[in-house]
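Just so it is clear, none of the values below were taken in a lab; they were calculated from the coordinates. Note that the coordinates shown come from a computational prediction; the quantities given were computed from them, not determined experimentally. Ideal geometry is used to build each Cβ from the backbone, glycine not excepted, and the neighbour counts take in all protein chains shown.
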Amino acid sequence: MIWPFTRHKHVEKSVQDFQAGTVRGRWYVVDPGMPLSANSESLSVFATQPAVRKTVEFIARNAARIPMKVYRRDGDNDRPVVTDGPLYNLVKYPTRYHGSYRFWYDLICDLMVYDRFAVKLLPSASSRSGWELYRIPAYTWTFTWAGFEDVRGIQLATADNGSSVIGLDGVLWDKGYGSANGVSPMRTLSQTLREYAESVKWRQAIWKNGARIPGIFAMNADMKPLERDDQKRLESDIDDYLENGGHEGRSPVLQGIHWEKVESFSPKDAQEVEGRTLADIEVASAYHVPPEMVGAREANYSSTQAFRDSLYKETLGPLFTQLEQAFNAQIVPLVSQDPREYVEFDLNAALRGSFLEQAEILQKAVGGPYLSINEGRKEQGFPGLGPEYDQIIDLLNTVRGGGPQADPTDSGSQNLGGSQ
């Protein structure tokens, strides 16, 4: 197996005139240039390292399932959800053949593996919105730049082993810190993953070349060596105690011969489980994912719930902000005719509790029933009963403005049996 990482030397040069002043010595060049063929390295790591793929797909799957919604800002407090128009249709169906999940899943994988992504907005006569978002796979291009990480365009690889450059107009794009093309986490994790790969090769060599017998039958030191016929007869007798030999499970009695256990490596001795666990923890930590969420460490139910809340706040929260701001700055002005419209991921879809938990909290928060009969039936997938069931019912034991009967959780059971 050829390890996908290659060693790159830092490129430096002497700078004698930098802007208005003079700089002496060695100057580190952040982006010395990167051939398009180098893009295959990160993809190879993703394909061959289970810890990387598990963590990257965990992030992509959980982030892609969160719906992006379109809102319209009305005043300082109101922001109704937009359910029609070209921007709404583009967000719901960004590509011709897939929904939003597949689009965001692939884009987030590009960002997690390569630390950059690019999507071209194209007109489409067959789509509902009149537009289509075409993702450019990150392994087929690099950013072009001028000055210090000043991204100017995208250099695409062509089928004839050449390249072409396109501008950034109508492109949804972003990159990470460190260079004009970002710094792939695969490079950051290279030392940890290389150590893990070497340990896997070592264990494979042990399993392949090591003895696969639990022990041997050995002759006592004072015995004369067996003749060839005697040795064959002994081996035949021993075979009777193996599978389908007729004496399975019994203990042979062999005069002058004793059993010696062969010491060999076991998965426990080779610390195979510990090595895999360490790699999982290091990779998950590099992506700011609690290791318990990817099974790298044990967790109970209560701690898993806490880690789940942390996942959508500390881990995926910054990711959603990055994608929202890029989409609102680069795509929304080109598609929407209303400057008040913007997009945002609906984090409440992931953080809201069960129906019983929501009902209990909202009932206490609003002080009474908060759904009409038709709204409640809609939550369960039932059709409405008519306009007369659109009003919220006021319970008889609920009094506006307070009072002893204003408890929204009061069932009235204390009144059973009449007054005493």
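Of LYS120/LYS175; LYS120/LYS313; LYS208/LYS232; LYS313/LYS364, which sit over 20 Å apart, Cα to Cα? From the list (LYS120/LYS175; LYS120/LYS313; LYS208/LYS232; LYS313/LYS364), the Cα-Cα distance tops 20 Å for LYS120/LYS313; LYS208/LYS232; LYS313/LYS364. Electrostatic bookkeeping for ALA51 treats Lys and Arg as +1 and Asp and Glu as -1; over the other residues with beta carbon under 9 Å from its beta carbon, the sum is +1. Applying the Karplus relation 6.51 cos²θ - 1.76 cosθ + 1.60 with θ = phi - 60° to segment 135-147 yields 3J(HN,Hα) values of 6, 9, x, 5, 7, 9, 7, 9, 6, 9, 8, 9, x Hz, where x marks Gly and Pro. So which aspartates and glutamates can LYS54 reach, going by Cα to Cα under 12 Å and dropping same-chain residues fewer than 8 places off? Leaving aside aspartates and glutamates fewer than 8 places away in the same chain, those within reach of LYS54 are ASP280.
The relative contact order of segment 211-261, computed from alpha carbon pairs under 8 Å that lie at least 6 residues apart in sequence, is 58 percent. Placing a pseudo-label 7 Å from each Cα along the Cα-to-Cβ vector at LYS201 and ASP390 gives an inter-label distance of 7.1 nm. Note on segment 230-257 and segment 277-353: Cα centroid distance 63 Å, given to the nearest whole angstrom. Structural descriptor for segment 281-326: relative contact order 31 percent, calculated from alpha carbon pairs under 8 angstrom and at least 6 residues apart. Fraction of C-alpha pairs exceeding 13 angstrom in segment 84-152: 67 percent, rounded to a whole number. In this label model, ARG152 and SER372 are separated by 6.1 nm, measuring between points 7 Å along each Cα→Cβ vector. Extending 7 Å from the Cα toward the beta-carbon at both ALA159 and ARG61 defines two label points whose distance is 3.5 nm. Less than 5 angstrom separates the built amide H of GLY176 from those of GLY182, VAL183, all sequence-distant by 5 or more or on a different chain. The phi-based Karplus calculation (6.51 cos²θ - 1.76 cosθ + 1.60; θ = phi - 60°) puts the 3J(HN,Hα) values of segment 231-237 at 5, 5, 5, 5, 5, 5, 5 Hz, whole numbers, x for Gly and Pro.
Applying 1/(1 + (r/R0)^6) with R0 = 41 Å to the Cβ-Cβ distance of PHE307 and LEU254 gives a FRET efficiency near 0.10. Extension gain for GLU344 to GLN231 (0.36 nm times residue separation, less C-alpha to C-alpha distance): 32.7 nm.
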